[in-house]
Amino acid sequence: MNDITNSIHINLNIEEMLHQVMGRLGQLMVIDNCHLILLKDNQTSLIHIYPLKSCEQQDAGWTALHELALLEGSIIQKHVSTLPSLYKEKEKLLSLDIHIILMMPLYCHEKGIGVLLFGRKDLEDWDEEELGFLRKLSNQITIMLEKTHLFNELLHSQQKWVETFKAIEDIIVIFNQNLEVEQCNDSAIEFTSLESLLTAAHSLIQSTFVTQTPNFKEIHLTNDLIFDMQTYPIQNRDMHVYGVIAYFKNVTKKRNMEAQLLHSGKLAAIGEMAAGIAHELNSPLTAILGNSQILLRNSPSENTDTILLQDIKNCGDRCKEIIKSLLTFSRQNEYSFTYYSLNEAVNQVLNLLKFQLEKNRITLQLSLMNDLPLLKGSQPQIEQIIINLLLNARDAVDMGKAEKKRIIIETYAEEDYLAVKVRDNGIGIAPERIPLIFHPFHTTKDMEKGTGLGLSVSLGIAKDHNGTIEVKSSYEKGSSFILKLPLIGL
């Protein structure tokens, strides 16, 4: 019995387990055939046949005998020839030359779970010693069947947990008491900046072990990724913390969206303020422009006052356009697409910014190609891009180390597009930051100097015109931004 029991392993499937049992049992007594019929949810299944070649496993005819054995609740020994003809098993057994059978019901927690059916080809009954041994063996087999069932359920449950753990898109890392990674999911393995993330999380993991309570922290990585980190202590039955689960959720898009909503709210406030300013300024501007036009009509062209009057009118027109641009930008109105001159757009921008650049002692060099073809698009929007590039260049040269600050603006035609290039000898951009400069809210400026939206908005406008913005930069040497716009009409 010990030898047979030791041959049963919980990690074996039922067929392998009973095959080993029957191999050893055949050395002790004559057994020519064995079936194990299991009952689960009132459904029978033929789990094992010995010898294997004696019957097909999918044979579903072995039902009546197991019902008889479970109904009796005790060992039944019968000659096959005495079985009523209604038993389908009778014909099957006789075809296998089996003349006497022994049916042993298997009970677990007073519930019938199956029947062991042994068969012999001769007519010799099982004696009391053999029956006693088989009773003990059936008890061991029942115990092992139950253990196997529980083991498989545990294995299935564990597998489901592991698959769920791996499938979660957020990063999950389990730490031991030495603050070492004990286990992590696939998302953690695939995350390229995991080491930086765990370094930033180290203090909170340590704190969770000390306080034995869940904790929260927002982590900002150098590549502009933002994570919400939550930690949960793992306790044993003695309430001793032996591990910590760290859960990391990438909230970068969420935070950017929140910032955009905040920015939209500010724009709405600017729009209301701009509308009020426009209303207040339009009346005096109307008087200034109207009176200057009347005076210009009545003033001879050779009169020296005519130049001053024309300057008054031009400044009034500029103020009117500035107010109009402010209203349009704050309310995000759509511009109409018409034909315009790229050089004219550059000149309009310089009319607004030239004084600022000169005040900052920045040398401005112009190289505008003559006879450029007209483009179809929104000149005010293109001017907005050029303004942003010039302001960024101004800030870059202010931060740079060059003795003479210089910005160069070029326009030129190349193949099927026109381009505006803005070059500076400023601070430049670090190589690792170049892929990020067009991301919304990415900025190296102080909070009061920039929001990180300028280049993102500019790139969006360029794409609306089927164009693009290219950048070339060397850290501490300067940068070049090139706005390319297609000649093909939109």
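The values are calculated or read from the model by the stated rules, or taken from the named source; none is laboratory data. On a predicted model such as this, the values are computed, not experimentally measured, just so you know. Don't worry about glycine lacking a Cβ; one is built from the backbone with ideal geometry, like all the others, and counts go over all protein chains shown. Ligands, DNA and RNA are excluded from the accessible area calculation, which covers all protein heavy atoms including side chains. Shrake-Rupley method; radii C 1.70, N 1.55, O 1.52, S 1.80 Å.
For the range 149-186, the set of residues classified as closer than 18 Å to THR199 by Cα and of a type in the set (A, V, I, L, M, F, W, C) consists of ILE171, ILE172, VAL173, ILE174, PHE175, LEU179, VAL181, CYS184, listed by residue number.
Among LYS90, LYS166, LYS160, which is the only one that is in contact with a helix residue (DSSP H, G or I) (Cβ under 7 Å, 6 or more places away or on another chain) and either free of Cβ contacts under 8 Å to residues at least 12 places away in the same chain or assigned to a loop (DSSP other than H, G, I, E, B) (or both)? So that I can check it myself, show each step before the final result.
On the way: LYS166 fails: either free of Cβ contacts under 8 Å to residues at least 12 places away in the same chain or assigned to a loop (DSSP other than H, G, I, E, B) (or both); LYS160 fails: in contact with a helix residue (DSSP H, G or I) (Cβ under 7 Å, 6 or more places away or on another chain).
Of the residues listed, the single one that is in contact with a helix residue (DSSP H, G or I) (Cβ under 7 Å, 6 or more places away or on another chain) and either free of Cβ contacts under 8 Å to residues at least 12 places away in the same chain or assigned to a loop (DSSP other than H, G, I, E, B) (or both) is LYS90.
In the range 142-168, which residues are of a type in the set (Val, Ile, Thr) and surrounded by fewer than 13 Cβ atoms within 10 Å (Cβ to Cβ)? Selection gives VAL162, THR164. Tell me, yes or no, whether the range 311-322 has at least one residue that is among the hydrophobic types (A, V, I, L, M, F, W, C), modelled with pLDDT under 80 and under 44 Å from the mean Cα position of the chain (by Cα). Yes, that holds for at least one residue. For the range 222-255, filtered to residues that are under 21 Å from SER196 (Cα atoms) and of a type in the set (S, T, N, Q), the residue that is surrounded by the most Cβ atoms within 10 Å (Cβ to Cβ) is THR231.
Restricting to the range 294-317, name every residue that is of a type in the set (Ser, Thr, Tyr) and not in a helix (DSSP H, G or I). Within the range 294-317, SER299, SER301 meet the criteria.
If you scan the range 359-382, which residues turn out to be in a helix (DSSP H, G or I) and surrounded by fewer than 21 Cβ atoms within 10 Å (Cβ to Cβ)? Show your work before the answer.
Residues of the range 359-382 in a helix (DSSP H, G or I): 359, 379-382.
Matches in the range 359-382: LYS359, GLN379, PRO380.
So which residues in the range 65-78 are surrounded by 13 or more Cβ atoms within 10 Å (Cβ to Cβ) and either within 23 Å of HIS109 (Cα to Cα) or at pLDDT below 55 (or both), if there are any at all? Walk me through how you get there before you give the answer.
Kept after step one, since they are surrounded by 13 or more Cβ atoms within 10 Å (Cβ to Cβ), are these residues of the range 65-78: 65-70, 75-78.
LEU65, HIS66, GLU67, LEU68, ALA69, LEU70, ILE75, ILE76 - these are the residues of the range 65-78 that are surrounded by 13 or more Cβ atoms within 10 Å (Cβ to Cβ) and either within 23 Å of HIS109 (Cα to Cα) or at pLDDT below 55 (or both).
Considering only residues in the range 327-353 that are open to solvent by 70 Å² or more (accessible area, probe 1.4 Å) and touching a Leu at 6+ places or on another chain (Cβ under 7 Å), the one that is modelled with the highest pLDDT turns out to be TYR339.
The strands (runs of 3 or more DSSP E) found wholly in the range 187-288 and carrying at least 3 residues that are touching a residue at least 24 places away in the same chain (Cβ under 8 Å) occupy 226-235, 241-250. A search for C-beta distances below 8 Å between a residue of the range 365-394 that is closer than 20 Å to SER479 by Cα and any residue that is among the hydrophobic types (A, V, I, L, M, F, W, C) and in a loop (DSSP other than H, G, I, E, B), counting only pairs 6+ apart in sequence or on different chains, returns ARG394/ILE362.
Given (1) surrounded by 17 or more Cβ atoms within 10 Å (Cβ to Cβ); (2) β-branched (Val, Ile, Thr); (3) more than 25 Å from LYS253 (Cα to Cα), where does ILE219 come up short, assuming only one miss? Looking at each condition in turn, ILE219 falls short on (3). The requirement of being open to solvent by less than 70 Å² (accessible area, probe 1.4 Å), in contact (Cβ under 8 Å) with a residue 60 or more places away in the chain, assigned to a strand (DSSP E or B) and not hydrophobic (A, V, I, L, M, F, W, C) is fulfilled somewhere in the range 116-127, by at least one residue.
Every residue in the range 386-408 that is at pLDDT 90 or above, of a type in the set (Val, Ile, Thr) and part of a helix (DSSP H, G or I), please. The answer is ILE386, VAL397.
Within the option set ASN42, ASN139, being surrounded by fewer than 16 Cβ atoms within 10 Å (Cβ to Cβ), modelled with pLDDT under 75 and more than 17 Å from GLU15 (Cα to Cα) holds for one residue only, ASN42.
Apart from one condition, GLN212 fits all of (1) in contact with a Gly (Cβ under 9 Å, 6 or more places away or on another chain); (2) on the phi > 0 side of the Ramachandran plot; the exception is (1). Of all residues in the range 288-316, those being over 23 Å from ASN351 (Cα atoms) and either in contact with an Asp or Glu (Cβ under 6 Å, 6 or more places away or on another chain) or open to solvent by less than 70 Å² (accessible area, probe 1.4 Å) (or both) number 3.
Counting only residues that are modelled with pLDDT of 80 or more and either exposed (fewer than 14 other Cβ atoms within 10 Å of the Cβ) or within 60 Å of the chain's Cα centre (by Cα) (or both), how many does the range 79-95 have?
Going through the range 79-95, the residues modelled with pLDDT of 80 or more turn out to be 79-84, 90-95.
From the residues that got through so far, the ones that are either exposed (fewer than 14 other Cβ atoms within 10 Å of the Cβ) or within 60 Å of the chain's Cα centre (by Cα) (or both) too are 79, 81-82, 84, 91-92, 94-95.
Here the count works out to 8.
When LEU102 is tested against (1) touching a residue at least 24 places away in the same chain (Cβ under 8 Å); (2) under 16 Å from ASP32 (Cα atoms); (3) part of a helix (DSSP H, G or I), exactly one condition is not met: (3). Looking across the range 435-460 at every residue that is surrounded by 15 or more Cβ atoms within 10 Å (Cβ to Cβ) and over 16 Å from ASN256 (Cβ atoms), the one that is modelled with the lowest pLDDT is identified as THR444.
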